[in-house]
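These notes are about the structure you will find just below.
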Amino acid sequence: MLIAHRKISPLLLALPVIAAIAAAVALRGGDASAPRSHPAAPAIPFADAAPRTLSTQQLVARYRAEAAAKPRSAQAVDNLALAELQMAREDGDPTWYTRADALFGHALTLSPRDFTALAWRGSLALSRHDFAGALALGRRALAIDASNPFAMGVVVDANVELGRYAAARSAIERLLRQRPDLASYSRASYYLELHGRTAAARKALVQATQAGAPSGENTAWAYLYLGNLEFNHGRYSAAETNYRIALHTYPGFVHARAAQAKLAAARGQYESAIAGYTAVVKRYPLPAYVIALGDVDRAAGRPAAARRQYALVRAEEQLYAANGVNVDVELALFDDDHNGNVAAALDRIRAVAHIQPSVTVEDALAWTLFKAGHARAALAASNRALRLGTRDSSFLYHRGAIEASLGMNAPATRDLRAALRLNPGFSLLYAADARRLLLGLGR
């Protein structure tokens, strides 16, 4: 039986470094919060005891010198790759992924059964949204160490993102049996949340915060995702408390700052939200946060500022793509919601859905089909997106809007009401539209 433990979304905590930061980058504008499906694990576990007084940049320099001095040492190469992944975690620059991936490839050339290179390359594949590749690498790592929880976490996360929920459940249960800790609880929580079991998901996240972690940052991620769970269900005061605890646990935690800005925007406090997102973007310009800032600017009546942020997203799109990060799903939603090329977005999202028919991808496919004028096909995809019983306001709003366009008044009313009841401020772009549609339906 799956223990009622919940998430720091699958990827976020379980992996020691969060090569998942880019992978979890949701580009959903005003709806954006911290990366949701990749655990932001502890600090990277280098093979040697590096002085804690060194900055990550100093560690990169140190390990670069060691790798040059020991050109046949896979361990030295791995340490440099891990330091570069830590840099990606700290500044959000995807070019570190390209460097780290090349280093892991070199380490595997030196030592084909290098567990560290296999497992962490799998984590990196998750960050790049190459979920099939991550699954293959995770399995190769498990072939070397069948009980390793890090490698098992890579497999769990890949299965979830690929829509292989039965396989993900089996792996999560195994993790919980052999190592019930913050990472396994967070993965179980995300699985439970996807299946609509909110109370159980919340309980699991609470257990994650109580389990402790190798670093304060990991615990802060748990509080952040507990806050996001509360936010997603309209419990703003509880969300605010958890965001505050996250910042207290790990001062300066940029993703908690972004979550506070999101909460301010949902409450209509646009100036506070703009100030918060502006500070976040200066330090950590993830596309999710750039879009969110643009959406708040638009809501606050600052269209020129919004356009500047959206233009930056396009530049970031090219940077991520150049460094092997697949953001087709997120960019499809961005195009859908910001007057982009919907026809091209539909081609991209259809290709993704063929490989990874997860509920998240099916929802993106549904909305893109709808925007492209294919309402019947959109409804079928939206029904697939909600097949697990996920309680997500955006999913419900999307289906309600599609149903309304098809004249399905009763189902549309049900879904639109459910979306707003779940979280009245679920989207800067669409919460008001949900209310407008309900008025049009005479409800």
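The values are calculated or read from the model by the stated rules, or taken from the named source; none is laboratory data. If you're wondering where the values come from, they're calculated on a predicted model, not measured in any experiment. Neighbour counts run over all protein chains shown; Cβ positions are idealised from the backbone, glycine included. Please note that ligands, DNA and RNA were not included when accessible areas were found on the heavy atoms of the full protein model with its side chains. Shrake-Rupley method; radii C 1.70, N 1.55, O 1.52, S 1.80 Å.
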**Message:** If each residue of separation counts as 0.36 nm, what is the full-extension length gain between L439 and L110 once their alpha-carbon separation is subtracted?
**Reply:** 111.9 nm
**Message:** Tell me the relative contact order for the chain as a rounded percent, counting alpha carbon contacts under 8 Å between residues six or more apart.
**Reply:** 18
**Item:** Helical mean residue ellipticity (222 nm; -39500 (n - 2.57) per DSSP H run of 4+; nearest 500) of the chain
**Value:** -22500 deg cm²/dmol
**Complete:** Filtered hits (aspartates and glutamates, Cα-Cα < 17 Å from K371, offset >= 8 within chain) -> D328, E330, D335, D336, D337, D347, E362, D363, E403, D433
**Of A321, A171, A125, the one that fluctuates the most in a GNM where the chain has Cα springs shorter than 10 Å** = A321
**Prompt:** What area, in nm² and to one decimal, does the C-alpha convex hull of the range 65-129 cast on average over all directions?
**Reply:** 4.0
**Prompt:** When the chain is treated as a GNM, springs tying every alpha-carbon pair under 10 Å, which of G234, G340, G153 comes out with the largest mean-square fluctuation?
**Reply:** G340
**Request:** Note down the relative contact order for the range 242-283 as a percent, whole number, built from C-alpha pairs under 8 angstrom at least six residues apart.
**Result:** 34
**Request:** Note the angle between two axes, namely the Cα long axis of helix 303-322 and the longest principal axis of the Cα atoms of the chain, as a number of degrees from 0 to 90, rounded to the nearest 10.
**Result:** 40
**Prompt:** Could you give the length gained on full extension between A304 and A69, defined as 0.36 nm per residue of separation minus the Cα-Cα distance, in nm?
**Reply:** 79.4 nm
**Item:** Hits among aspartates and glutamates - C-alpha to C-alpha of K282 under 20 Å, sequence gap 8 or more where chains match
**Value:** D31, E90, D91, D93, E271, D295, D297, E316, E317
**Request:** Please work out the FRET efficiency for the pair Q178 and R421, using the Cβ-Cβ distance as r and a Förster radius of 45 Å; give the result to the nearest 0.05.
**Result:** 0.70
**Asked** What is the diffusion coefficient of the range 155-254 in µm²/s, taking the Kirkwood radius over Cα pairs and the Stokes-Einstein relation at 25 °C with a viscosity of 0.890 mPa s?
**Response** 179
**Complete:** Counting only protein heavy atoms and leaving out ligands, DNA and RNA, the solvent-accessible surface of K203 at a 1.4 Å probe, in Å² to the nearest 10, equals 120
**Dimensions (Å) - the range 45-181, Cα atoms, principal axes, largest first** = 46, 29, 26
**Prompt:** Quick one: helix 328-337 against the long Cα principal axis of the chain, what's the angle to the nearest 10°, folded into 0 to 90?
**Reply:** 30
**Asked** Helix 182-194: angle to the longest alpha-carbon principal axis of the chain, degrees 0 to 90, nearest 10?
**Response** 20
**Asked** If you plug each phi of the range 65-70 into the Karplus form 6.51 cos²θ - 1.76 cosθ + 1.60 with θ = phi - 60°, what whole-Hz ³J(HN,Hα) values come out, in order, with x for Gly and Pro?
**Response** 5, 5, 5, 5, 6, 10
**Complete:** Per residue, accessible area of the range 211-295 with a 1.4 Å probe, heavy atoms of protein chains only, in Å², comes to 34
**Request:** Give the whole-number value, in cubic angstrom per residue, of the convex hull volume spanned by the C-alpha atoms of the chain.
**Result:** 128
**Prompt:** Hey, any idea what % of the chain's accessible area is carbon plus sulfur with a 1.4 Å probe?
**Reply:** 52
**Message:** Can you return the aspartates and glutamates within cross-link range of K70? Criterion is Cα-Cα under 20 Å, with same-chain partners fewer than 8 residues away left out.
**Reply:** D48, D78, E84, D101, D114
